[in-house]
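Down below is the structure, laid out as structure tokens.
Computed from the coordinates by the stated procedures, all read-outs in this text should not be read as laboratory data. The structure presented is a predicted model; accordingly, all values stated were derived computationally and were not measured. Ideal geometry is used to build each Cβ from the backbone, glycine not excepted, and the neighbour counts take in all protein chains shown.
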Amino acid sequence: MTQVTSPWKTKGSRFVYENPWIHVREDDVVQPDGKPGIYGVVHFKNTAIGVLPIDEDDKICLVGQYRYAIERYSWEIPEGGCAEGEDYLDAAKRELIEETGMVASDWTRLGCSHLSNSVSDELAIFYLATGLTRGTPNPEGTEELAYKHVTFDQALDMVMQGEITDALSILAITHYGILRLSNKV
């Protein structure tokens, strides 16, 4: 049976840090085993949005960029944030245009996930975008992007070989693969 009440008890909470994207707090807790402890929680102010753009040749557009937090280059699907109150699909459309210049005529929600639920509340929503029309990307100042168009099999191989390590990208690619296997796309 699924646990529906928290085995944790929060005795207090203190603010640690905040910027435009996250709020960090530290909670004084009683752990499930009854012992005292602390728990750090990262609250994400935006919902993570991912787009798996697949063109008429069944190729996926991947975006490459250097990721500061992990100090390495990363190939991933177009991604961004959805501010509170913004429609998820509208945010996905905006991110696709911004990062790739593409506009999609057909959208399918592939799924949602909590990306790192042991330390954060970050929610991710991801979509399949098809019926693509190409345009000019307009990335944010924090983004220096490269592009790679690969087949689905190549993208899946990149996941399996550890060339794609971004969680949202892995989720979108594997969800799409499951739908392909079950003939639902």
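Using the crude model of +1 on Lys and Arg Cβ and -1 on Asp and Glu Cβ, and no other charge, please compute the dipole size for the chain relative to its Cα centre, in debye to 20.
Details: 16 positive and 29 negative charges, 121 e Å.
Dipole about the Cα centre, nearest 20: 580 debye.
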Identify all lysines with a Cα-Cα distance to K35 below 24 Å; exclude those on the same chain that are fewer than 8 residues away in sequence.
K9, K11
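Span-like helices, the chain: DSSP H, alpha-carbon axial extent 20 Å or more, mean Kyte-Doolittle 1.0 or greater, which ones? Don't skip to the end; give the middle numbers.
Working: long enough: 167-181 (21 Å, 1.43).
Helices meeting the span and hydropathy rule in the chain are 167-181.
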The exposure ranking of S169, S113, S118, fewest beta-carbon neighbours within 10 Å first, is S118, S113, S169
Positive-pole candidate from V51, Q161, V24, dipole of the chain, charges at beta carbon:
V24
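Would you calculate, for the chain, the mean residue ellipticity at 222 nm contributed by helices, counting each DSSP H stretch of 4 or more residues as -39,500 (n - 2.57) and dividing by all residues, to the nearest 500? Walk me through the intermediate numbers first.
Details: 3 runs with 37 residues, N = 185.
Result for the chain, helices only: -6500 deg cm²/dmol.
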Tell me the Rg and the Dmax, in Å, that the Cα atoms of the stretch 111-185 produce.
14.4, 40
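Tell me, I22, I173 in order of fewest to most beta-carbon neighbours within 10 Å? Mind dumping the intermediate values first?
Values: I22 14, I173 24.
So the residues, fewest neighbours to most, are I22, I173.
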For the stretch 119-185 and the stretch 34-111, what is the centre-to-centre distance using only Cα atoms, to the nearest Å?
9
Residue among T100, T174, T136 with the largest mean-square fluctuation in a Gaussian network model of the chain, springs linking Cα atoms under 10 Å
T136
Under a 10 Å cutoff between Cα atoms, tell me which one of G162, G141, G40 has the largest fluctuation in the Gaussian network model of the chain.
G141
Give me the distance in nm between label points sitting 7 Å out from Cα along the Cα-to-Cβ direction at D57 and H114, one decimal.
4.2
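Projected area of the stretch 79-149, taken from the Cα convex hull and averaged over every viewing direction, in nm²?
5.8
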Highest-MSF residue in the chain out of G135, G50, G85 [GNM, Cα springs under 10 Å]:
G85
In the chain, if every C-alpha pair distance is counted and binned at 5 Å from zero, what percent goes to each bin?
1, 7, 14, 18, 18, 13, 10, 8, 6, 4, 1, 0
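For the chain, what proportion of DSSP beta bridges, expressed in % and rounded to the nearest 5, is antiparallel? Walk me through the intermediate numbers first.
Working: 44 of 51 bridges.
So the antiparallel bridges amount to about 85 percent of the total.
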